[in-house]
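For reference, the structure is listed below as structure tokens.
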Amino acid sequence: MNDPSERLPDESLDELLAQFRAVDLPKEMRTANREAVRRALARRDRTLWWRRSVAVPVPLVIAASLVLVVTAAASLWPILDGSATRPDTAVLGRNGVVEAGAESPGWSVTRSFILSIDSLSRMDDSFCPDLLEDRNDT
Amino acid sequence: MAVDYEFVRGLRKGESAAYEALVCRFEAPLFRYFLASHGDPQLAGEQSVDCFGDLVESLPKMTGGAQQLRPFVFAVARNVLRRQWRRRSRECEPLASASQAIDRWPAPDAAVESAEDNARLFKAIRSLDEPTRNVFLLRFIEQLSIAEVAESVAEPIGTVKSRLHRGRQRLQEILQSMSGLS
């Protein structure tokens, strides 16, 4: 309390201020204050839940916003970059070897299917030589 | 003034008992604060009512602990005061409606209004500029700490101290000149 701004002005002025501190308000105003609070509380209780607001700490809001922005950027980046429109060009080649740079995925799928049938028929020949011999006999 | 945690929690939850205690605790200080700002008891009464309505809306959003309550209440009061000034400067209220309002609201303690010293003090306080008057009232009439005043007016402690120093000097000058005239 040694700070001059902490001290009250002087004794005479402090006396005046003390009188002013004793100012009280009439009963009607007290009633009006209570009525105002009662009305405001009733209004607040009637407010629908989705129109109510809550206090959220600013750092939390900033962190949540950053997470949202980063997530959105990460999911939108391939589209904006154009890489998402490019088809997967690594497809099976003639001998089951992965070839890069094939142009049509649809064609590649069909081709892979045909190649797989072809390879299955060769598997029959190699795993069941008796069958092949029977066929030759007939 | 010890404001306990349970009391503030009750206010945040909207408990009517807590608001009753709030009104009991702050109605006289708020009335004095408004009255000292403009000297109109009827308007001070209306502003107290507005302020309590605003407090019901804004108290659930109050951040900080129980020690923030007093600065928060006076910060809301300051907003009510500013809103009123803006409204009055737009509307320029006629004198007739003011007299009707006084009929509705009886004047406060007659002794206060009739006392010459208090009238001088009112006049002197009102002649201070708004920021200085605000910190002066909160510190010397409502006896908030410097830190509470700083929080209430959202200004640094150093600024509040210099305003108080200036306000005290100015008030003494005004009161001396008034007593010299009378």
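The values are calculated or read from the model by the stated rules, or taken from the named source; none is laboratory data. Note that this is a predicted model, so its numbers are computed, not measured. Ideal geometry is used to build each Cβ from the backbone, glycine not excepted, and the neighbour counts take in all protein chains shown.
Remark: pairs (first residue in segment A:60-83, over 30 Å from B:THR63 (Cα atoms) and modelled with pLDDT under 90; second residue surrounded by 10 or more Cβ atoms within 10 Å (Cβ to Cβ) and not hydroxyl-bearing (Ser, Thr, Tyr); Cβ separation under 8 Å; 6+ apart in sequence or on different chains) = A:PRO78/A:ALA84.
Of all residues in segment B:133-182, those that are assigned to a helix (DSSP H, G or I) and away from chain A (no Cβ under 12 Å) total 10.
Which one is modelled with the highest pLDDT, of the residues in segment B:55-71 that are part of a helix (DSSP H, G or I), facing chain A (nearest Cβ under 9 Å) and surrounded by fewer than 19 Cβ atoms within 10 Å (Cβ to Cβ)? This residue is B:GLU57.
Quick grid of which residues meet (1) more than 14 Å from chain B (Cβ to nearest Cβ); (2) part of a helix (DSSP H, G or I):
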{"site": "A:ARG44", "(1), (2)": "no, yes"}
{"site": "A:SER53", "(1), (2)": "no, no"}
{"site": "A:VAL56", "(1), (2)": "no, no"}
{"site": "A:ILE62", "(1), (2)": "yes, yes"}
{"site": "A:LEU66", "(1), (2)": "yes, yes"}
{"site": "A:VAL69", "(1), (2)": "yes, yes"}
{"site": "A:ALA72", "(1), (2)": "yes, yes"}
{"site": "A:LEU76", "(1), (2)": "yes, yes"}
{"site": "A:LEU80", "(1), (2)": "yes, yes"}
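Please name all residue pairs, on different chains or six or more residues apart, with Cβ atoms under 6 Å, provided the first residue is in segment B:23-36 and is free of Cβ contacts under 8 Å to residues at least 40 places away in the same chain and the second residue is surrounded by fewer than 22 Cβ atoms within 10 Å (Cβ to Cβ) and among the β-branched types (Val, Ile, Thr). Correct list of pairs: B:VAL23/A:VAL37.
Just one of the listed residues (B:SER37, B:SER48) is assigned to a helix (DSSP H, G or I), polar (S, T, N, Q), modelled with pLDDT of 90 or more and crowded, with 17+ Cβ neighbours inside 10 Å, and it is B:SER48.
Restricting attention to segment B:22-50, the residues being away from every other protein chain (no Cβ under 11 Å) and closer than 25 Å to A:ALA55 by Cα number 1.
Pairing each residue of segment B:157-173 that is without any contact (Cβ under 8 Å) to a residue 40 or more places away in the chain with any residue that is exposed (fewer than 13 other Cβ atoms within 10 Å of the Cβ) and part of a helix (DSSP H, G or I), provided the two are 6+ apart or on different chains, yields C-beta distances under 7 Å for B:ILE157/B:ALA147. The one condition from (1) at pLDDT 65 or above; (2) closer than 30 Å to B:SER162 by Cβ; (3) of a type outside the set (A, V, I, L, M, F, W, C) that A:GLU6 does not meet is (1).
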